[in-house]
Amino acid sequence: MEIVLRILLQLIEIYSWALIIYIFMSWVPDIRASRFGQMLGSICEPYLEPFRRIIPPLGMIDLSPLVAILVLRFASGGLVSLFRMLGFI
C-alpha cells in the first residue's frame, strides 16, 4: 500500500507543478493559444474553475490558483495521515 501512497503523492506533485506552469503561462502573451497551452488548460481549468467561482479576482490578481495549490498540499498531507491511521505505513 505504500507504493499506492507514493504514486498518489507523486501525481499530486506533478499536478501542482502543472498548475504553477499554467499560472506563469498567463504572463506570456499568446502562449496559452499554443498546443501545449491548450493541453495544459484542458487539464488545469476544470480544477481551477470551482475556486474561481468562490474566490473572485481582486482587480487584476487572481488568488484562486494559490488556494487551489494549497488545497492540493492539504490533500497530500491528508492522504499521508489517512494511510498512517489505517496502518498502511
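Every number in this text was worked out from the coordinates using simple rules, so none of it is lab data. Quantities reported herein were computed from a predicted structural model and do not represent experimental measurements. Every residue, glycine among them, receives a Cβ derived from its backbone with ideal geometry; neighbour counts consider all protein chains shown.
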Please report the orientation-averaged projected area of the chain, defined via the convex hull of its C-alpha atoms, in nm².
-> 6.6
Loop-resident chymotrypsin sites (Phe, Trp or Tyr not before Pro) in segment 5-41 with no more than 10 other Cβ atoms inside 10 Å, DSSP not H/G/I/E/B, are Trp27
Which whole-number percent gives the relative contact order of segment 1-76, counting Cα pairs below 8 Å spaced six or more residues apart?
-> 30
Are there any helices in the chain, counted as whole DSSP H runs, that stretch 18 Å or more along their axis by Cα and score at least 1.6 on average by Kyte-Doolittle, and if so which?
-> 2-25
Computed, not fitted: 222 nm per-residue ellipticity of the chain from DSSP H runs ≥ 4 (each -39500 (n - 2.57)), nearest 500, equal to -26000 deg cm²/dmol
Which of Ala33, Ala75, Ala18 moves most in a GNM of the chain, Cα contacts under 10 Å?
-> Ala33
